[in-house]
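Please read the structure below before turning to the comments.
The values are calculated or read from the model by the stated rules, or taken from the named source; none is laboratory data. Model, not experiment: these values are computed from the prediction. We place every Cβ from the backbone using ideal geometry, glycine too, and count neighbours over all the protein chains shown.
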Amino acid sequence: MRYDFNMLARLNVLKFVWFYLFMPFSSQVEFFAWWKRDFRSPAPHSVKMSILGTAKDVHVWVETGTFMGRTTKILAQNSSRVISIEPSTELAARAAQLFVNSRNIEIVNGLSEVELEPILETLPASSLNIAFWLDGHYSEGITHLGPIETPIIQELEIIASKLQKFHNVTVFIDDFRCFASQQQDYPATSFLSEWATSNNLKWSVEHDIFIARKSMT
Ligand SMILES: C[S@@+](CC[C@H](N)C(=O)[O-])C[C@H]1O[C@@H](n2cnc3c(N)ncnc32)[C@H](O)[C@@H]1O
């Protein structure tokens, strides 16, 4: 096959090579594996993080499912407050220890379907722009397995009931492919789009992440 690159495409390739050469080895391995999978989901972590970076001027990030705190750490670099919910006592304790000196990170040990509502209730009115990274679910290994694999339906009900409290709201839901293949306890993709539409949110899907936005600006 013959590729006819224009100038911009060539520059993008150079940019990628430069970016690739200087990324940590673990990320290079992730990118290589992604390329071998013909860029099928899931995308490397850095690609997912660039999608979360499209939420601008976020005052508070709420993450469900802390796991090793990999995303928590990145969210805290661009926001004044990050609240991350993790039901596994062991993982929550590990994250609390990891972020003991990070004053803008709070680790909440509990189920998101239980903890999310009181967290949103107690957020001050000054938390104008809020973003959610909904990634709390059973994921094999040492991750928590409760009565349901994913609490996404409850999480979205809680968020819908608090939408009016915040100015800009962005909801990122990871692992869209699990909704598409209707893995155990995962509702259909139409549940996500109908939830967004019925709450007057604009929605899209990028690299296995469902995104819903309420933007007042
Ligand atoms: C895929 S991992 C999260 C990865 C992490 N958010 C990141 O970006 O690196 C899923 C996590 O969700 C947690 N989890 C399982 N059930 C949960 C629930 N009901 N509420 C919140 N978190 C849950 C698991 O223990 C696990 O740590």
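Out of curiosity, is residue 121 within 12 Å of the ligand (Cβ to nearest atom) and acidic (Asp, Glu)? Before the answer, list the steps.
Working: within 12 Å of the ligand (Cβ to nearest atom): no; acidic (Asp, Glu): yes.
Answer is no for this residue.
Restricting the search to segment 19-72, which residues are on the phi > 0 side of the Ramachandran plot and not charged (D, E, K, R)?
Of all residues in segment 19-72, those on the phi > 0 side of the Ramachandran plot come to 38-39, 57, 65, 67, 69.
The answer is 39, 65, 67, 69.
Give segment 61-73 a look and list any residue that's within 8 Å of the ligand (Cβ to nearest atom) and either surrounded by fewer than 15 Cβ atoms within 10 Å (Cβ to Cβ) or not in a helix (DSSP H, G or I) (or both), or say none. Steps first, please.
First, pick out the residues of segment 61-73 that are within 8 Å of the ligand (Cβ to nearest atom): 63-72.
Across segment 61-73, the qualifying residues are 63, 64, 65, 66, 67, 68, 69, 70.
Could you list all residues from segment 33-61 that are touching a residue at least 60 places away in the same chain (Cβ under 8 Å) and of a type in the set (A, V, I, L, M)?
Hits for segment 33-61 are 43, 47, 51, 52, 55, 58, 60.
Scanning segment 18-30 for residues that are surrounded by 10 or more Cβ atoms within 10 Å (Cβ to Cβ) and aliphatic (A, V, I, L, M), which turns out farthest from residue 46 (Cα to Cα)?
29
Run down 92, 76, 96 and say which single residue is over 18 Å from residue 134 (Cα atoms) and part of a helix (DSSP H, G or I).
Details: 92 fails: over 18 Å from residue 134 (Cα atoms); 76 fails: over 18 Å from residue 134 (Cα atoms).
None of the other options fit; the residue is 96.
Output the number of the condition that residue 145 fails; it satisfies all remaining conditions of (1) touching a helix residue (DSSP H, G or I) at 6+ places or on another chain (Cβ under 9 Å); (2) surrounded by fewer than 22 Cβ atoms within 10 Å (Cβ to Cβ).
(1)
Go through segment 112-129 and give me each residue that's crowded, with 20+ Cβ neighbours inside 10 Å and aliphatic (A, V, I, L, M).
Those that are crowded, with 20+ Cβ neighbours inside 10 Å and aliphatic (A, V, I, L, M): 116, 120.
Would you mind telling me which numbered condition in (1) closer than 24 Å to residue 23 by Cα; (2) crowded, with 19+ Cβ neighbours inside 10 Å; (3) away from the ligand (no atom under 13 Å from the Cβ); (4) not aromatic (Phe, Trp, Tyr) residue 58 fails?
Every listed condition holds for residue 58 apart from (1).
Would you point out which residue out of 43, 76 is at pLDDT 95 or above and surrounded by 12 or more Cβ atoms within 10 Å (Cβ to Cβ)? Talk me through it step by step, then tell me what you get.
On the way: 43 fails: at pLDDT 95 or above.
None of the others qualify; the one that does is 76.
In segment 38-60, how many are within 21 Å of residue 25 (Cα to Cα) and in a loop (DSSP other than H, G, I, E, B)? Outline the logic, then answer.
Going through segment 38-60, the residues within 21 Å of residue 25 (Cα to Cα) turn out to be 38-50.
From what is left, the residues that are in a loop (DSSP other than H, G, I, E, B) are 38-44.
Count: 7.
Restricting to segment 96-117, count the residues that are within 9 Å of the ligand (Cβ to nearest atom) and either more than 17 Å from the chain's Cα centre (by Cα) or basic (Lys, Arg) (or both).
Total satisfying the criteria: 3.
Please enumerate the residues belonging to segment 133-154 that are more than 8 Å from the ligand (Cβ to nearest atom) and either out of contact with any Pro (no Cβ under 9 Å at 6 or more places or on another chain) or in a strand (DSSP E or B) (or both). Explain how you work it out, then say what you get.
Quick first cut of segment 133-154, residues more than 8 Å from the ligand (Cβ to nearest atom) only: 134, 140-141, 147, 152-154.
Residues satisfying the conditions are 134, 140, 141, 147, 154.
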